[in-house]
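Read the structure below first, then the notes.
Please treat every number below as a calculation from the coordinates, not as lab data. Just so it is clear, the model here is predicted, and its values are computed rather than measured. Please note: Cβ atoms are built from the backbone with ideal geometry, for glycine as well, and neighbour counts cover all protein chains shown.
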Amino acid sequence: MNRNLHIIDKKSVYGSQYINFLKSLDFDCINDYYDLSQGFGFGKYRELRKKISQYDRVFLHGLDHRIVIFLFFHQPLAKKCNWVTWGADVYYFKMRKKTIRHDIFEMMRKRVILKLKEINSLYPELYSLLEKVYKTKAGYRKSFYPVKKFAVDPSEVPENLKTEEKKIMVGNSGDPANNHQQIFEALRHLKGEKIRIYCPLSYGKLDYIEQVEKKGKEIFQEKFVSLRTTLPFEEYVALLTKIDIGIYNHKRAQAMGNIRLLIHLQKKLFIRNDIVTWRFFEEIGVQVYDVDVIKNMSLDELFENPKEIAEKNQQILAEAFSDERCAELWKDILEN
């Protein structure tokens with residue numbers, strides 16, 4: 001029977017949902033958890049080294065910089081590690097600052113990634129990218145995180161949330177990868193219409209968040225809503241029931257949790273057409289729309305969302321990301 005240790009942030013939404021999901025299943029293996037949110041530094045190295053030695057495999061949920069440094073100095077331990085990709089951790093080589101300190105850290109990452117046993121990701125393309133950039137020999141198996149079940153029926157939005165005002169969600173955080181201002185410019189021609197733009201900005205880079213808020217208010221004035229507080233999951237889902245369309249202008253695979261939520265709620269989605277997320281949806285038959293066409297769309301065109309397409313999208317995604325499918329993938333990974 002495999003003994004698995006998951007190094008994971010228990011306080012994150014997806015981390016806590018994943019742990020609860022595994023605990024609800026009867027797998028033929030032991031799963032224990034090391035909580036990254038409790039703090040982790042050099043003083044914890046001896047404790048973690050001893051803990052890892054007690055397990056057959058270790059699952060790194062996100063390639064946290066603290067874990068990279070730890071494994072760089074304990075490279076034999078990396079050979080029993082699976083990296084469960086989160087997105088930003090994959091693209092660090094491209095998004096990092098070009099400084100000596102970041103160059104050194106990237107060198108450490110390369111050493112660690114070369115030693116890893118396996119990489120788990122929703123997208124085979126991300127694994128292919130890691131093979132190309134890091135020459136990794138790690139194996140690959142598909143995985144995804146479960147999403148908590150909804151109390152909201154997408155076909156029954158409360159009457160008090162139904163208004164003539166059209167509501168748009170732009171981005172998922174204050175990370176510059178959201179490219180908010182490009183979308184604001186694409187929507188500028190609609191600023192006189194009955195719209196309201198919501199921007200989740202509860203985390204990210206403060207200077208960038210302030211730039212986004214300034215530009216949003218400059219163009220859309222009182223129609224721009226900055227969400228600076230992290231909402232409990234149930235409140236966030238309730239907010240999404242109000243939204244008519246979601247726009248995610250990331251240049252890489254990101255915000256999949258938000259995208260899955262909105263498609264479940266039968267909302268219209270705009271993303272870039274040059275990222276793996278677009279190709280993934282194409283392959284499974286989910287219709288999403290290209291952010292590049294927004295600047296040329298009228299209000300009616302932008303918000304047109306045929307019921308048959310929205311329902312089909314929801315059904316396809318429900319099957320692709322069902323609890324049964326999720327359990328099947330993780331059973332194979334954790335037991336074998």
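Odds and ends about this structure:
- Placing +1 on each Lys and Arg Cβ and -1 on each Asp and Glu Cβ, with no other charges, gives the stretch 1-151 a dipole about its Cα centre of roughly 480 debye.
- Other-chain or far-sequence residues with amide H under 5 Å of Asn31's (modelled H): Asn4
- His250 long-range amide H proximity, modeled H, under 5 Å: Arg272
- Distance from the stretch 305-332 to the stretch 1-60 (C-alpha centre basis), Å: 27 Å
- In straight-distance terms, cross-link reach from Lys214 covers every one of the lysines whose alpha-carbon lies under 17 Å from its own, apart from those fewer than eight places away in the same chain; here that gives Lys191, Lys205, Lys223.
- For Lys217, net neighbour charge (Lys/Arg +1, Asp/Glu -1) across residues whose Cβ lies under 15 Å away: +2
- Helical content of the chain, expressed as a calculated mean residue ellipticity at 222 nm, amounts to -12500 deg cm²/dmol (DSSP H runs of 4 or more residues, -39,500 (n - 2.57) each, divided by residue number, nearest 500).
- The relative contact order of the chain comes to 15 percent, based on Cα pairs under 8 Å that sit 6 or more residues apart.
- Each distinct pair of alpha carbons in the stretch 252-336 adds a 1/r term; the inverse of their mean, the Kirkwood radius, is 14.2 Å.
- Amide H to amide H, with H built 1.01 Å from N, Phe224 comes under 5 Å of Ile197, counting only residues 5 or more places away or on other chains.
- Candidate cross-link partners of Lys50 among the lysines, defined by an alpha-carbon separation under 16 Å and a same-chain spacing of 8 or more, comprise Lys79, Lys80.
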